[in-house]
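Beneath this line is the structure, given in structure tokens, with notes to follow.
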Amino acid sequence: MRERLEALRKEAEVAIQAADDLEQLRDLRVQYLGKKGELTAVLRGMKDVSAEDRPVIGGLANEIRSQIENLLAEKETAEREAALEKRLAAEAIDVTLAARPQPLGGMHPITAVVEQIEDIFTGMGFVVAEGPEVETDRYNFEALNLPQDHPARDMQDSFYITPEILLRTHTSPVQVRTMEEKEGQVPVKIICPGKVYRRDDDDATHSHQFYQVEGLVVDRGIAMSELHGILAAFAEKMFGMALETRLRPSYFPFTEPSVEMDISCIKCSGKGCRMCKQTGWIEILGAGMVHPRVLEGAGYDSERYTGFAFGMGPDRIALLKYGIDDIRHLYTNDLKFLRQFQSV
Ligand code: FA5
């Protein structure tokens, strides 16, 4: 018995020393110390040992068990440390290695222009409002003083979904929605950016889907001079230069009087060039004093309150600002084109 135990001790010592990974050590633990292990098997023979030898052999067996346990624990610790060292060495970061270039996205020119417009107007105290792109005939036309069969409906050829529902042709319905929500409260001072849709034939300056930014101010004593002042300040900020502006009479059913605002040509400063078709002026938006019928229909007493509204096309502003020659470039997702605007 003693010899078997001593042989087991030696064999285990050699095997543990020879093991070179944690898995082997786990197997050796089972092999020597497990329930079905070799030491347990030897101890099962204790019943055949004489009563006087039993304490000695028992003591020896316990000594060998704890010796094997210690050896296993030491070797496991050493193996764990070696494995960690190996991993750290393999994962070491070479700080001298050149970084991989990370492709950076850029802002789409329309998004850039819409954000600039929002920044300029919110800086003047306007709040950004939103409305649905799928709109009712009432908000898109009727409530804006454009009853059925009004000839001006032809100015904005529409995509109808049902006779009552259409894709909005302009952002002006948000004027009415906002005034209704405010229930006669003043001041109203909003801008509304968003997509609009018209059955226009696509060409260099027309798209069937484009953006507009609407503006509306309603309060006591609002006059045309405020409209002009705010829009002139906006234009100079937008194009980053001193500009002349002029208001020309125009017609929109929802404003009276109605105007279009021109700016002096940003390319030739008004001298006349191809961009301004030799006129020195470029039209950038439509505007006017909110028609009393629109105010009344949305719950505002037109004797007490007046207001102005304007609507501009960020697509066309992007063409001007970035010198783009065709609006269709803005909608074709050509990366070669878009990469030019990565820094705007
Ligand atoms: C309107 O849509 C009015 N709702 C604007 C308005 C609002 C006037 C409030 C008065 C008071 P107009 O149809 O002119 O107006 O369009 C406004 C702007 O949208 C134009 O100046 C132009 O920049 C842009 N626009 C119009 N049609 C197209 C198109 N097919 N493609 C790209 N931009 C367009």
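Here, each number is a calculation from the coordinates, and none is a lab measurement. All figures in this text were calculated on a predicted structure; none of them were measured in a lab. Glycine gets a Cβ as well: all are built from the backbone with ideal geometry, and neighbour counts include every protein chain shown.
Were the residues from residue 326 through residue 161 laid out at 0.36 nm apart, the gain over their Cα-Cα distance would be 56.5 nm. For residue 36, the lysines whose Cα falls under 24 Å of its own Cα, not counting residues fewer than eight places away in the same chain, are 10, 47, 75.
Counting charges near residue 156 (Lys, Arg +1; Asp, Glu -1) among other residues having Cβ under 11 Å from its Cβ returns a value of +1. For the modelled label position 7 Å from the Cα of residue 209 along Cα-to-Cβ, which residues of segment 301-318 have backbone nitrogen atoms closer than 15 Å? Within reach of a label on residue 209: 315. Taking 4.7 Å between beta carbons as the limit, the unpaired Cys residues of the chain are 192. Axis angle, to the nearest 10 degrees, between helix 22-33 and the longest C-alpha principal axis of the chain: 40 degrees. Quick check: the angle from helix 224-239's long axis to the longest principal axis of the chain, C-alpha only, nearest 10 degrees? Approximately 50 degrees, to the nearest ten. In segment 157-299, the inverse of the mean reciprocal separation of distinct Cα atoms equals 16.9 Å; this is its Kirkwood hydrodynamic radius. Taken one residue at a time, the phi angles of segment 289-303 give Karplus couplings (6.51, -1.76, 1.60, θ = phi - 60°) of 8, 4, 4, x, 5, 5, 4, 4, x, 9, x, 10, 6, 6, 7 Hz. Gly and Pro are set to x. Partners of residue 237 within straight-line reach, counting lysines whose Cα lies under 28 Å from its Cα and excluding those fewer than 8 residues away in the same chain: 189, 195, 267, 271, 277, 321. Inter-label distance, residue 54 to residue 152: 11.5 nm, where each label sits 7 Å from its Cα along the C-beta direction. A convex hull fitted around the alpha carbon atoms of segment 243-344 yields 151 Å³ per residue. Put the Cα centre of segment 218-292 next to the Cα centre of segment 137-187 and the gap is 23 Å.
Note on segment 2-90: Cα Rg divided by 2.2 N^0.38 Å, N the number of residues, gives 1.29.
In summary, the aspartates and glutamates within cross-link reach of residue 182, defined as a Cα separation below 15 angstrom excluding same-chain residues under 8 places away, comprise 130, 219, 296, 301. Pairs of Cα atoms in segment 136-240 fall into 5 Å distance bins, from 0 up to the last occupied one, in shares of 2, 10, 17, 20, 19, 17, 10, 4, 1 percent.
Averaging over all projection directions, the Cα-based convex hull of segment 48-132 occupies 18.3 nm² in the image plane.
Radius of gyration over Kirkwood radius for the chain, both on Cα atoms: the Rg/Rh ratio is 1.55. Residues whose amide H lies under 5 Å from that of residue 255, counting only those 5 or more places away or on a different chain, are 291; hydrogens are built 1.01 Å from N in the peptide plane. For residue 79, neighbours were defined as the other residues whose beta-carbon sits under 11 Å from its Cβ, and their charges (Lys and Arg +1, Asp and Glu -1) total -3.
Here the spin labels are modelled as points 7 Å beyond Cα on the Cα-Cβ line, and at residue 89 and residue 102 they lie 3.2 nm apart.
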